[in-house]
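Working notes, beginning with the structure itself.
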Amino acid sequence: MTLLHLATFAFWALIGFAAVNALCTAITLVALFRHRRETPDDDNLPRVAVLLCLRGADPNLAGGLRRLMKQQYPDYEVFIVIDSETDPAWGVVKQSVDNAEGKSTVCQVHVSTLRQRLETCSLKCSSLVQLLDQIDDSFEVVVLADSDLESHSTWLRELVAPLADPRVGASFGNRWFLPSRGWMGSLVRQVCNAIGVVTMHLGQIPWGGSLAIRASVVKESRLRETLTRSIVDDGPVRVALKKQGLRLQFVPSLLMANREDCDLRFAHSFLTRQLKWTQTYMSSQWPIMLVYTLGVLGIYMATLVLAIGCVLIGYHVEAFWFAAGAAIYSGAVMTLWFLLDVAARRIIRAQGEPVPSILGVQLLKLPLAMLLAVVVHVSAMICATLLRRVIWRGVTYEVHGPSEVHLLSDGVMTASLEPANVSL
């Protein structure tokens, strides 16, 4: 194959990849732009237990707790497990609950510390097992929330609404990063997360940070027992629903803003960890995802290098084909990301939440962030495939499969190490 043949092959390959990406993203965009907020009447709402597991005090934990306790929902209670009494989250929770006591709009809140640190699962799953043991049969729906969730007043109503359909076993939202400082790591994570939102929508992969599950599903699937051997909570929920023939419903109106910042090292670690969970619970689909993603990004990166090389040695025709393919693919990806960002900001604004302007310094950094995102994403996918030991909030785990998890090193948190608004 001559260099010109290689250049034209790369051009058409990238055109094809851009078309596939456009089709997949278009499906998600239709869902986001056509979304309607569903807020059922009080009479049709089931009793809900909201479960929250805390290790470390996330930057916006206090505000998130206030929002969680003031939902416009008639019958729900919040159950919280904190890693230990020395954990920074303990003081934040105690103060938030004390400040809310006596206010009629605040739900009942139950707070405890983690009593049994199982060595066959993550500490989060240990906490969830303890919480599931606390709730009684009067609760019809179990809701999982993350510590970085900043819910709006009708979040719980919108999350539970799809469960009115008996064919739906669980419903979930997702997050959209809107970093305030515009660090390069924050922007790279923001770009990579867009890929995740589309993938999770199309693949019915739930986000455990905003996930409602029928209590009957939890009981019949023996989810509590499964969690004692799991690294995360959302992966087992997807498996349980698939076995029961029930649907997972994405709720487009619950694309939630996360305004935290991070550096490039954290962005890589975060993405590697998220992809590791995907690889663990979607092992049969992972080889296809891996080959496709590495193929696309590998050809794209090689095309950029060859375009520059051809210019330097005077092969202008070949350089044109390489550069044209890379430019069209880059333009398509950037356009699709902007459309997703516009849709996400529109949804977040409809929640009554502030949305920063897309214009400014962050916009100028975006092309570089997208280029870095390619490198970070390739590296994270390879690492996720090979990785067996994962460090998550200071705890080291060994993960060999969905039910083969070992806690290797543990320690209680005594202080938050990061400055304000920085991801833990």
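The values are calculated or read from the model by the stated rules, or taken from the named source; none is laboratory data. The model shown is predicted, which means the values in this text are computed figures rather than measured ones. No Cβ is skipped: glycine too gets one built from the backbone with ideal geometry, and neighbour counts run over all protein chains shown. To get the accessible areas, we keep the full protein, side chains included, count just its heavy atoms, and leave off ligands, DNA and RNA. Shrake-Rupley method; radii C 1.70, N 1.55, O 1.52, S 1.80 Å.
Structure notes:
- Members of region 211-264 that are without any contact (Cβ under 8 Å) to a residue 12 or more places away in the chain and of a type outside the set (Gly, Ala, Ser): 219, 222, 225, 242
Each row is one residue, and each column tells you yes or no for (1) in contact with a Ser or Thr (Cβ under 9 Å, 6 or more places away or on another chain); (2) within 21 Å of residue 223 (Cβ to Cβ).
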| residue | (1), (2) |
| --- | --- |
| 245 | no, yes |
| 249 | yes, yes |
| 252 | yes, no |
| 258 | yes, no |
| 272 | yes, no |
| 275 | yes, no |
| 293 | no, no |
| 297 | no, no |
| 303 | no, no |
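- Test: residue 12 is of a type in the set (Phe, Trp, Tyr), assigned to a helix (DSSP H, G or I) and surrounded by fewer than 13 Cβ atoms within 10 Å (Cβ to Cβ): yes
- In region 225-236, residue most open to solvent (accessible area, probe 1.4 Å) [restricted to those that are out of contact with any Cys (no Cβ under 8 Å at 6 or more places or on another chain) and modelled with pLDDT of 95 or more]: 225
- The condition of being touching a helix residue (DSSP H, G or I) at 6+ places or on another chain (Cβ under 8 Å) and part of a helix (DSSP H, G or I) holds for only one of 78, 92, 106, that being 92.
- Evaluating residue 41 against the criteria (1) exposed (fewer than 13 other Cβ atoms within 10 Å of the Cβ); (2) modelled with pLDDT of 90 or more; (3) of a type in the set (Asp, Glu) leaves one unmet condition, (2).
- Sole exception among (1) surrounded by 20 or more Cβ atoms within 10 Å (Cβ to Cβ); (2) within 16 Å of residue 210 (Cα to Cα); (3) touching a strand residue (DSSP E or B) at 6+ places or on another chain (Cβ under 6 Å) for residue 61, by number: (3)
- Taking region 238-268 as the range and being under 15 Å from the mean Cα position of the chain (by Cα) and within 24 Å of residue 131 (Cβ to Cβ) as the test, the residues that pass are 238, 251, 254, 256, 258.
- In region 96-108, residue modelled with the lowest pLDDT [restricted to those that are open to solvent by 40 Å² or more (accessible area, probe 1.4 Å) and under 15 Å from residue 67 (Cβ atoms)]: 105
- Failed item in (1) free of Cβ contacts under 8 Å to residues at least 40 places away in the same chain; (2) within 26 Å of residue 160 (Cβ to Cβ); (3) open to solvent by 40 Å² or more (accessible area, probe 1.4 Å); (4) touching a strand residue (DSSP E or B) at 6+ places or on another chain (Cβ under 8 Å), with residue 74 passing the rest: (4)
- Residues being open to solvent by 70 Å² or more (accessible area, probe 1.4 Å) and part of a helix (DSSP H, G or I) - total across region 322-362: 7
- The listed residue being open to solvent by 10 Å² or more (accessible area, probe 1.4 Å) and either of a type in the set (Phe, Trp, Tyr) or within 22 Å of the chain's Cα centre (by Cα) (or both), out of 167, 115, 175: 175
- Filter result for residue 149 (under 30 Å from residue 267 (Cα atoms), open to solvent by less than 40 Å² (accessible area, probe 1.4 Å), of a type outside the set (Phe, Trp, Tyr) and in a loop (DSSP other than H, G, I, E, B)): yes
- Filter pass, residue 190 being closer than 30 Å to residue 264 by Cα and either open to solvent by less than 20 Å² (accessible area, probe 1.4 Å) or of a type in the set (Val, Ile, Thr) (or both): yes
- Scoring residue 221 on the criteria (1) closer than 11 Å to residue 250 by Cβ; (2) small (Gly, Ala, Ser); (3) crowded, with 20+ Cβ neighbours inside 10 Å leaves a single failure, condition (1).
- Answer residue from region 403-423, given it is part of a loop (DSSP other than H, G, I, E, B) and among the charged types (D, E, K, R) and is modelled with the lowest pLDDT among those: 418
- Residue pairs whose Cβ atoms lie under 6 Å apart, separated by 6 or more positions or on different chains, with the first residue in region 177-197 and more than 18 Å from residue 150 (Cα to Cα) and the second among the charged types (D, E, K, R) and in a helix (DSSP H, G or I), are 187/365.
- Matching option when the condition is open to solvent by 30 Å² or more (accessible area, probe 1.4 Å), part of a helix (DSSP H, G or I) and not charged (D, E, K, R), among 271, 297, 306: 306
- Checking each residue of region 28-36 against the condition of being open to solvent by 10 Å² or more (accessible area, probe 1.4 Å), part of a loop (DSSP other than H, G, I, E, B) and in contact with a helix residue (DSSP H, G or I) (Cβ under 9 Å, 6 or more places away or on another chain) gives at least one match.
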